[in-house]
Amino acid sequence: MTAEKSRFVVTADWLQRELGAQDLRILDASFYLPAQKRDADAEYASGHIPGAIRFDQDKIADHSTGLPHMVPSPEFFAAEVGKLGISETDRIVIYDGPGVFASPRVWWLFHVVMGAANVFVLDGGLDGWKAEGRPLETTLPAYAPATFKPNFNAARVVAFDEMREIVDSGSSQIADARSAGRFAATEPEPREGMRSGHMPGAKSLPSGSFAVNGKFKSLPELRETIENAGIDLEKPVVTTCGSGITAAIITLALESLGHGANRLYDGSWSEWGSRPDTPIVTGKD
């Protein structure tokens, strides 16, 4: 990658050259909302990047909360990814369909939360890979079970009680990756039972503003996008979204710019918007 691109993003050219490498693990982390009308499992079965493992974000998750795809315990995570043949020492490349949608969440989970060192997102995703006529396969990869040794960093994950304290105190900036319409409450939430609007003090940073045609923006463009939203890169940031997935797109941008004082609110709006006791603001600001 060039100096102006994220060190956490790899090109399709690079990945195709590396196919078959012993230490390479490719994960299909595609996930879609009902409105997107795409079936991640069916798309994987019909053709995936050679050697790619299907990573289901709703299965390798904490199922005790009633909230979607919450961060699992390090023990459960290590056991499940070990069954898939993934070690923390592997080079791990993660992709989704559109390019920069669900893959950053799994990058965040492996790299930021569980401590794997060499974790990357595929620029352009599977849609870009297919559009360029690159190889696909339908056979399921078979890797020997591996041992994944997590270096769990619980401090990078924000739970509800702490998020409430952050909102009340204004101790950290809050960057919301939902659409501008959902943020302002001019569009309904896609999940039933959710109130509309945003947390007091939050800034709108829609997840779609970080990529063009499925490819992650350059570092100067990322910086401009974040600063134009009113986020100060010299201060701490908590990222949030609808259910904790696209918040990681902001996290990826922040980490790419060398901003390490960021955390992700795992329950996000699925939790905040469904509770009757949380303060909510409507409008653009």
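For the subset of the range 1-13 comprising residues that are among the β-branched types (Val, Ile, Thr) and either under 26 Å from Ala142 (Cα atoms) or at pLDDT 95 or above (or both), which member is most open to solvent (accessible area, probe 1.4 Å)?
Selected residue: Thr11.
State whether the residues of the range 248-256 include one that is part of a loop (DSSP other than H, G, I, E, B) and closer than 24 Å to Gly124 by Cβ.
The answer is no, given that none of the residues of the range 248-256 is part of a loop (DSSP other than H, G, I, E, B) and closer than 24 Å to Gly124 by Cβ.
May I ask you to verify whether Ile231 is in a loop (DSSP other than H, G, I, E, B), closer than 15 Å to Ser256 by Cβ and touching a Leu at 6+ places or on another chain (Cβ under 8 Å)?
Yes: the conditions hold for Ile231.
Filtering the range 254-285 down to residues that are among the acidic types (Asp, Glu) and in contact (Cβ under 8 Å) with a residue 24 or more places away in the chain, which residue is least open to solvent (accessible area, probe 1.4 Å)?
Ranking the candidates gives Asp266 first.
Restricting to the range 27-58, and then to whatever is at pLDDT below 95 and of a type in the set (Lys, Arg), can you tell me which residue is nearest to the chain's Cα centre (by Cα)?
Per the stated criteria, the residue is Arg38.
Identify, by number, the condition in (1) surrounded by fewer than 20 Cβ atoms within 10 Å (Cβ to Cβ); (2) under 23 Å from Val121 (Cα atoms); (3) out of contact with any Asp or Glu (no Cβ under 7 Å at 6 or more places or on another chain) that Ser218 doesn't meet.
(3)
For the condition out of contact with any strand residue (DSSP E or B) (no Cβ under 9 Å at 6 or more places or on another chain), modelled with pLDDT of 95 or more and either over 22 Å from Leu67 (Cβ atoms) or open to solvent by less than 40 Å² (accessible area, probe 1.4 Å) (or both), what is the one hit in Ile245, Ile174, Ile166?
From the options Ile245, Ile174, Ile166, the qualifying one is Ile245.
Would you point out the residue of the range 120-142, among those that are surrounded by fewer than 14 Cβ atoms within 10 Å (Cβ to Cβ) and of a type outside the set (A, V, I, L, M, F, W, C), that is farthest from Ser218 (Cα to Cα)?
Thr139
Residues checked against (1) over 16 Å from the mean Cα position of the chain (by Cα); (2) in a loop (DSSP other than H, G, I, E, B):
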site: Phe120; (1), (2): no, no
site: Tyr143; (1), (2): yes, yes
site: Phe152; (1), (2): yes, yes
site: Glu165; (1), (2): yes, no
site: Asp168; (1), (2): yes, no
site: Ala175; (1), (2): no, no
site: Gly193; (1), (2): yes, yes
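Name the residue, out of Gln16, Gln36, Gln22, that is open to solvent by 50 Å² or more (accessible area, probe 1.4 Å) and touching a residue at least 40 places away in the same chain (Cβ under 8 Å).
After ruling out the rest, the residue left standing is Gln16.
Looking at the range 95-108, which of its residues are open to solvent by 10 Å² or more (accessible area, probe 1.4 Å) and not aromatic (Phe, Trp, Tyr)?
Hits for the range 95-108 are Pro98, Val100.
Do we find that Arg223 is modelled with pLDDT of 95 or more, among the basic types (Lys, Arg) and surrounded by fewer than 23 Cβ atoms within 10 Å (Cβ to Cβ) in this structure?
Criteria met by Arg223.
Scanning for something touching a Cys at 6+ places or on another chain (Cβ under 7 Å) and either at pLDDT 95 or above or part of a strand (DSSP E or B) (or both), does the range 195-203 turn up at least one residue?
For the range 195-203, residues touching a Cys at 6+ places or on another chain (Cβ under 7 Å) and either at pLDDT 95 or above or part of a strand (DSSP E or B) (or both): absent.
Is it true that some residue in the range 84-94 is closer than 24 Å to Ile231 by Cα, over 17 Å from the mean Cα position of the chain (by Cα), open to solvent by less than 40 Å² (accessible area, probe 1.4 Å) and touching a residue at least 40 places away in the same chain (Cβ under 8 Å)?
no
Pick from the range 59-75 the residues that are modelled with pLDDT of 95 or more and open to solvent by 40 Å² or more (accessible area, probe 1.4 Å): which of them is farthest from Ser30 (Cα to Cα)?
Here the residue is Glu75.
Between residues in the range 103-125 that are in contact (Cβ under 8 Å) with a residue 40 or more places away in the chain and residues that are β-branched (Val, Ile, Thr) and in a helix (DSSP H, G or I), which pairs lie under 6 Å by C-beta distance while being six or more apart or on different chains?
Within 6 Å, the pairs are Pro104/Ile249; Trp108/Thr251.
The values are calculated or read from the model by the stated rules, or taken from the named source; none is laboratory data. What you see is a predicted model; the values in this text were computed from it and never measured. So basically every Cβ, Gly included, is an ideal-geometry build from the backbone, and we count neighbours across all protein chains shown. Surface accessibility is based on the protein's heavy atoms, side chains included, excluding ligands, DNA and RNA. Shrake-Rupley method; radii C 1.70, N 1.55, O 1.52, S 1.80 Å.
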